[in-house]
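Beneath this line is the structure, given in structure tokens, with notes to follow.
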């Protein structure tokens, strides 16, 4: 698509894998945004990405990028533990933020950021790119406009070690550096926590996007042969029920999808890895005409589409399509509630939880 005359100048913080695989290209290809700046403290990594993606400027210092009046907004693509403090600095500097999921690592820090964002009036969009999948968006609109009262939702996210053979071919060769800033300790060593924050955040957000607010959860976790399986029963605010499955790593192909049952119809969906840039396959059955409805397999570079949505909200005041800070906090509460339920064996209300996963 041809570039628009008015474009958002975006600075990307972090030159790690998610920026290399998604955010740099997304900014370059978005019709209403430009990759204006790249920022990373690792000189070798930053210089390699600057040579490859050719932003107008590059920074070793985050404060310097935030002080640049030409940088209209920032994308935060660093370790989860740094999300909230670095988003807070951006908001304080007057910069709108697109922040990778999850929003943070504890309920309290996310709540504190909400107050700052609310007072600033700035846009904070959560990087739940799946909301920009044309198939999932089609299902969302069908549920909202056609399906009537909801009865139930089933959703699943099954990660697989075999998918790396595909993603290694689809993504650019990753460039690494020994100089990158890492969180204290080794957060990835706690697999329960790491998998829930990394993969569970997608599953929870998709469930909320389609079926609304989650009130409580009751979860079980089985750990066997180095794999983790969460089965999660969900109560939604409208009285409907849900079941969420998170499996890491399934002995088979990567798989994600959902089913929704309602008063005037139902939905079935199969979702693909985002690196294929392929829309989810969705079938929506409507009682009204007795037919299945399927969306056209449209542009599904979801990372580009979320940048375009982010830019449209900032430049033109368009409604925010991506997840808001409220969505990020609700997802954080849901993941913490799952962790507390696994520990206790009891149902846990989201409004009762504190701390982190």
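At a glance:
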| item | result |
| --- | --- |
| Helices (runs of 4 or more DSSP H) wholly inside segment 1-77 that include at least 2 residues being buried (at least 23 other Cβ atoms within 10 Å of the Cβ) | 24-29 |
| Members of segment 103-121 that are in contact with a strand residue (DSSP E or B) (Cβ under 8 Å, 6 or more places away or on another chain) and farther than 12 Å from residue 76 by Cβ | 117 |
| Filter result (within 27 Å of residue 187 (Cβ to Cβ) and out of contact with any strand residue (DSSP E or B) (no Cβ under 6 Å at 6 or more places or on another chain)) within segment 48-63 | 48, 60, 61, 63 |
| Residue match in segment 198-211 (condition: surrounded by fewer than 22 Cβ atoms within 10 Å (Cβ to Cβ), in contact with a strand residue (DSSP E or B) (Cβ under 6 Å, 6 or more places away or on another chain) and farther than 30 Å from residue 315 by Cβ) | yes |
| Subset tally (residues that are surrounded by fewer than 20 Cβ atoms within 10 Å (Cβ to Cβ) and touching a helix residue (DSSP H, G or I) at 6+ places or on another chain (Cβ under 6 Å)) for segment 243-273 | 1 |
| Flag for residue 309 being within 24 Å of residue 36 (Cβ to Cβ) and free of Cβ contacts under 8 Å to residues at least 60 places away in the same chain | no |
| Any hit, segment 126-139, residues being free of Cβ contacts under 8 Å to residues at least 60 places away in the same chain, part of a helix (DSSP H, G or I) and buried (at least 23 other Cβ atoms within 10 Å of the Cβ) | no |
| Any chance residue 206 is at pLDDT below 95, assigned to a helix (DSSP H, G or I) and within 19 Å of the chain's Cα centre (by Cα) | no |
| Residues located in segment 151-164, provided they are in contact with a helix residue (DSSP H, G or I) (Cβ under 6 Å, 6 or more places away or on another chain) and closer than 30 Å to residue 291 by Cβ | 153, 155, 157 |
| Enumeration of residues in segment 165-189 that are more than 30 Å from residue 217 (Cβ to Cβ) and assigned to a helix (DSSP H, G or I) | 165, 166, 168, 169, 170 |
| Residues (within 21 Å of the chain's Cα centre (by Cα) and closer than 25 Å to residue 260 by Cβ) located in segment 148-162 | 153, 154, 155, 156, 157, 158, 159, 160 |
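The values are calculated or read from the model by the stated rules, or taken from the named source; none is laboratory data. These numbers were taken from a predicted model, which means no experiment stands behind them. Ideal geometry is used to build each Cβ from the backbone, glycine not excepted, and the neighbour counts take in all protein chains shown.
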